[in-house]
Amino acid sequence: MIINMASLPSAAAYYTQIKSKWASDYPSSEDIESIWGFYNECGYDDPQSTLKSMLDPITPLKKKRILDYGCDKGLMLDFFCKALDADTKGYGVDINDEAIKTAKRRFPRFSFQVGDGLTIPYDDKYFDVVLVMATMKHVRYEDRDAIYAEINRVADHALVIEADEKEQNVQEMMGWKFYNSNFAEEFDKNFDACVKVVR
């Protein structure tokens, strides 16, 4: 299929347009147990230990700052901060302003910001690691290089978890678009100093 790039909305227009859908329709998890249930369904017997061990190669953290890009309500950020050093400072960015409001209420010790879907509002190499979990499939293909560059810009490492479809295909489900990819190949291409996991 040939895509007429001129007919696509600009990245800024696209992410602005979908923000309200995220706030009103996205089925966010209300508690950490529902997240563990999802990972159990994906084949992880002990997801807590598995996920924590993925950061072993880069611990102890030098800066003691981690960012969850696509943090939703902050549940996974809280898990990783508790699993790491007690002094670890957590930061979260998400396009969903309603989720960010909830995250700020539930986890006031962390710093949360509403993002624009395109940039990460922090200085170069500010974080030890950026967590990107089940987020990249929501990013359009034409915007991925810019997002990968932002992740690399703000952190020394990235932990990126995504379902791998082995090829590009856009899946539409319940009004949502999922931009599936061969994520293993994509992550290898874009992250040099990266803790990478694709399931």
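The values are calculated or read from the model by the stated rules, or taken from the named source; none is laboratory data. Source: prediction; values computed, not measured. Methodologically, a virtual Cβ is constructed for each residue, glycine included, from the backbone with ideal geometry; neighbour enumeration extends over all protein chains shown. Protein only, heavy atoms only, side chains kept; ligands, DNA and RNA dropped before computing areas. Shrake-Rupley method; radii C 1.70, N 1.55, O 1.52, S 1.80 Å.
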Revision key, fill the gap. The helix 97-106 Cα axis meets the longest alpha-carbon principal axis of the chain at an angle in degrees, between 0 and 90 and rounded to 10, of 10 degrees
Point to revise | Beta bridges per DSSP with both ends in the chain, % antiparallel, nearest 5 | key: 20 percent
Revision key, fill the gap. So the angle from the long Cα axis of helix 144-154 to the longest Cα principal axis of the chain, reported in degrees to the nearest 10, equals 20 degrees
Check your understanding: Given a 1.4 Å probe and every protein chain left where it sits, what share in percent of the accessible area of the chain is carbon and sulfur?
Key -> 51 percent
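Counting heavy atoms of the protein chains only and a 1.4 Å probe, report the per residue accessible area for segment 54-98 as a whole number of Å².
40 Å²
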Exercise for review: Quick one: order Ile66, Ile18 from most to least accessible surface, probe 1.4 Å.
Suggested key: Ile18, Ile66
Revision key, fill the gap. Of the listed pairs Lys62/Lys82; Lys73/Lys166; Lys63/Lys166; Lys19/Lys104, those with alpha carbons more than 23 Å apart are Lys73/Lys166; Lys63/Lys166
Exercise for review: Set the Förster radius R0 to 45 Å, insert the Cβ-Cβ distance between Asp145 and Ala86 as r into 1/(1 + (r/R0)^6), and round the FRET efficiency to 0.05.
Suggested key: 0.75
Check your understanding: Of all DSSP beta bridges in segment 127-199, what percent run antiparallel (nearest 5)?
Key -> 35 percent
